[in-house]
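Asker: Below is one structure. I have some questions about it.
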Amino acid sequence: MEAKIEDYALIGDCETAALVSCHGSIDWLCFPRFDSPACFAALLGNEENGRWSISPRQKYRTTRQYQKDTLILETTFETDTGVAVVRDFMPLRDGVNDLVRIVEGKRGRVTFDFELVIRFDYGRTIPWVTQAEDGILTAIAGPDMLILTSPIELQGQDMRTRAFFDISEGEQLAFTLTYCSSHLPVPTPRKIEKAARETSKFWIDFVRKCPDVGPWTEQVKRSLITLKALTYMPTGGIVAAATTSLPEQLGGSRNWDYRYCWLRDATLTLLAFMKLGYYDEAAAWRDWLLRAVAGSPEQMQIMYGVAGERNLLEWEATWLVGYRSSRPIRIGNAAAEQFQLDVYGEVADAMTQAVKGGLPSHPRGKTLNSALIPFLTKVWRDPDEGIWEVRGDRQHFTYSKVMAWVAFDRGVWMATEAGDTERAKELRAIADEIHREVCEKAYDEKMGSFVQAYGSTTLDASLLHIGLVGFLPEDDHRYIGTVAAIESKLMRDGLVLRYETQDVGDGLPPGEGAFLACSFWLVDALSLIGREEDAKTLFNRLLELCNDVGLLSEEYDPQHEVMLGNFPQAFSHVGLINSALNLSRLHGAADERSQGAE
């Protein structure tokens, strides 16, 4: 049964993740890392591309929830003959990579169909499957091996593993899928009850530190858990999403691989963690960033792999038909090779906010800042591909120039803190030069607003950051006018577009949904300029877009009322956290960044 994006829930072990549909089918799973080839890829194809389904044989109704403050998913199936729950989770690793599914009878009796279709290499490679006398099933293809430990008898049929079973009230059956390299011995099966207890404790202990955020505390907790689940724990890198190539428009080609770590997310993610008291997570993310960008500033990329890998070569999985026929299916991301000025400002701002927020200093932080500034001094006047990673010609994007200003402005703060007044004066002079140029070339008097790029008459949601990063004070008429223009021109059904794709030569066919992070930016901007009630109204509208288990995608189609883009999206959940902090007056990101070098 085909599922919408919002029909999925996330489970994970802080090294990889799986998506489970409300119909009991795991349609996306990459082992052993977020960016590894998928062994279940039905999400981007069909059941022949790999899935693991456990669902009632007869007609059913479903409800689902996470166990409170955890990433343990419970899907309740109700049929005419009974009620049963499927509990899905991934224990944290202790040398073994497991996914556990427990079926428990709650009332009467329910008959379940079981189908396991393993296809390595993003749904392309059929493995060699064998079943031992003890019921353990192994599937091997090249370097990969999956082991299924099952309490029921399984049958091989048409390159699939199938079964059916009855579950009655009080009964419980546990299935474990384990990944390891094919040259290694089959690992000893994990003790399921202990794994469930330890997994629950890990998540509850993690969430326990979250402070009260007023009426939005539960949503903030769920977003925190989601961010933690999207963190590659061995390195601290946070992937933008768990998926690749979920479309920004159904049937469209704006389909990208988001299983990597963007520098652009750095400052807002750091602030979200620190403001909630999660300094260990903030430090791990900061340290990942410093390792990833180490080297020549000229070679700094806008994104990296979860361990800091630079080679993210983009290619297409042509055998997959795509989510609802949306192609191509891209693996890797060519945007890693683009020149985007704004990331230098993001890195400088992240380092500054880390120090301001009380994060223990890192010796490479000061070194990085001193290395980036000379390079940025030479290139800030150049056009770039911009925050939205256009695949058309480079332009002088306003947001890019503003973030270049941020880099020098934060450099002034760093130099002042170090007592180097001469250096601070030099950096302030460059920051002032950028400021003058942006105000002269990017502000349209007739529109009463800043524009997307020099010489353009197009608006861009990233312009909301002009006030949020302190480029202009919140009461400046040019900023207030820009906010109003974005509300007037870029809002659709109460949500914010990145820009109007039909009016911008970004090298791609037009059409996409509303970008949810941009709507959270508008919440922050409205709050910053004193329009608190409008900000809260928009924020509550955004919260209504969360699916039944509190997750958000990258975009939303208000016309058809469906989620779009990769899922769940870290940037959307970071936006939710920071907007909640801003509205609750717990000194959120807008308060911190808008102060500039003060």
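Please treat every number below as a calculation from the coordinates, not as lab data. Treat the numbers as computed from the prediction; the structure is a model and nothing was measured. Note: ideal-geometry Cβ built from the backbone for every residue, glycine included; neighbour counts use all protein chains shown.
Asker: Going by C-beta contacts inside 10 Å, put Arg381, Arg101 in order with the fewest on the left.
Answerer: Arg381, Arg101
Asker: OK, next. At a Cα cut-off below 17 Å, give the lysines reachable from Lys441, other chains included and same-chain residues fewer than 8 away excluded.
Answerer: Those lysines meeting the cut-off are Lys401.
Asker: Here's a follow-up. Give Lys68/Lys228; Lys106/Lys221; Lys366/Lys425 a once-over and call out the pairs whose C-alpha atoms are over 20 Å from each other.
Answerer: Result: Lys106/Lys221 exceed 20 Å.
Asker: On a 0 to 90° scale, report how tilted helix 266-275 is relative to the longest principal axis of the chain, with both axes built from alpha carbons and the result rounded to the nearest 10.
Answerer: It is inclined by approximately 80 degrees.
Asker: Each residue of region 553-558 in order: what ³J(HN,Hα) in whole Hz does its phi give by Karplus 6.51 cos²θ - 1.76 cosθ + 1.60, θ = phi - 60°, with x for Gly and Pro?
Answerer: Working through the residues one at a time gives 8, 6, 9, 9, 9, x Hz.
Asker: For the residue pair Asp382 and Glu169, what label-to-label distance in nm results when each label sits 7 Å from Cα along the Cα-to-beta-carbon direction?
Answerer: The modelled label-to-label distance comes out at 7.2 nm.
Asker: Here's another thing I want to ask about it. Gain in length, Asn311 to Arg162, computed as 0.36 nm per residue apart minus the alpha-carbon separation, to one decimal in nm?
Answerer: Stretched out fully, the Asn311 to Arg162 stretch lengthens by 49.7 nm.
Asker: Taking amide H atoms as placed 1.01 Å from N in the peptide plane, list the residues 5 or more away in sequence, or in a different chain, whose amide H sits under 5 Å from that of Ala17.
Answerer: Cys30
Asker: Find how much the distance from Ile152 to Glu218 grows on full extension, using 0.36 nm per residue of separation minus their present alpha carbon separation; answer in nm with one decimal.
Answerer: Here the answer is 19.9 nm.
Asker: Shape call for region 212-591 from the C-alpha gyration tensor, a ≥ b ≥ c root eigenvalues: rounded (a/c under 1.5), prolate (a/b greater than b/c) or oblate?
Answerer: The shape class here is rounded.
Asker: Still on this model: Computed FRET efficiency, Cβ-Cβ of Ser325 and Glu133, R0 35 Å: what is it to the nearest 0.05?
Answerer: 0.20
Asker: For a quick protection proxy, order the peptides 252-262, 308-318, 514-524, 121-131 by their average other-Cβ count within 10 Å, most packed first.
Answerer: Packing order, densest peptide first, comes out as 514-524, 252-262, 121-131, 308-318.
Asker: Here's something else I'd like to know. Using packing as a proxy for protection, rank 209-220, 143-154 so that the peptide with the highest average count of other Cβ atoms within 10 Å comes first.
Answerer: With the highest mean Cβ count within 10 Å placed first, the list reads 143-154, 209-220.
Asker: For a protection proxy built on the mean count of beta-carbon atoms within 10 angstrom, sort 289-297, 342-350 highest first, please.
Answerer: For the peptides 289-297, 342-350, the packing ranking is 342-350, 289-297.
Asker: Next up: Give me the one-decimal nm value for the distance between modelled label points at Asp94 and Leu543, 7 Å along each residue's Cα-to-Cβ direction.
Answerer: Rounded to a tenth, the inter-label distance reads 3.9 nm.
Asker: On a 0 to 90° scale, report how tilted helix 477-489 is relative to the longest principal axis of the chain, with both axes built from alpha carbons and the result rounded to the nearest 10.
Answerer: Computed tilt is about 40 degrees.
Asker: For Ser253 and Lys194, what does the FRET efficiency come to when R0 = 51 Å and r is the distance between their Cβ atoms, rounded to the nearest 0.05?
Answerer: Once the sixth-power term is evaluated, E becomes 0.65.
Asker: Angle, helix 279-292 long axis vs. longest principal axis of the chain, Cα atoms, 0 to 90°, nearest 10?
Answerer: 80
Asker: Between the alpha-carbon centers of region 105-130 and region 5-58, tell me the distance in whole angstrom.
Answerer: Cα centroid to Cα centroid, the span is 11 Å.
Asker: Could you let me know the centre-to-centre spacing of region 430-486 and region 293-359, using Cα atoms, in angstrom?
Answerer: Their Cα centres are 26 Å away from one another.
Asker: Follow-up question, since we're still on this one. For the residues Leu184, Leu270, Leu246, Leu583, what sequence is obtained by ranking on other C-beta atoms within 10 Å, fewest first?
Answerer: Sorted ascending by nearby Cβ count, the order is Leu184, Leu583, Leu270, Leu246.
Asker: Continuing with this model, one more query. To make sure I understand, if each residue's beta carbon is the centre and we count other beta carbons within 10 Å, what order do Glu555, Glu512 fall in, fewest to most?
Answerer: If I rank by nearby Cβ atoms, fewest first, I get Glu512, Glu555.
Asker: Something else about it: Gain in length, Glu445 to Lys366, computed as 0.36 nm per residue apart minus the alpha-carbon separation, to one decimal in nm?
Answerer: 24.5 nm
Asker: Can you give the FRET efficiency for Thr318 and His183, using 1/(1 + (r/R0)^6), R0 = 30 Å, r = Cβ-Cβ distance, to the nearest 0.05?
Answerer: 0.50
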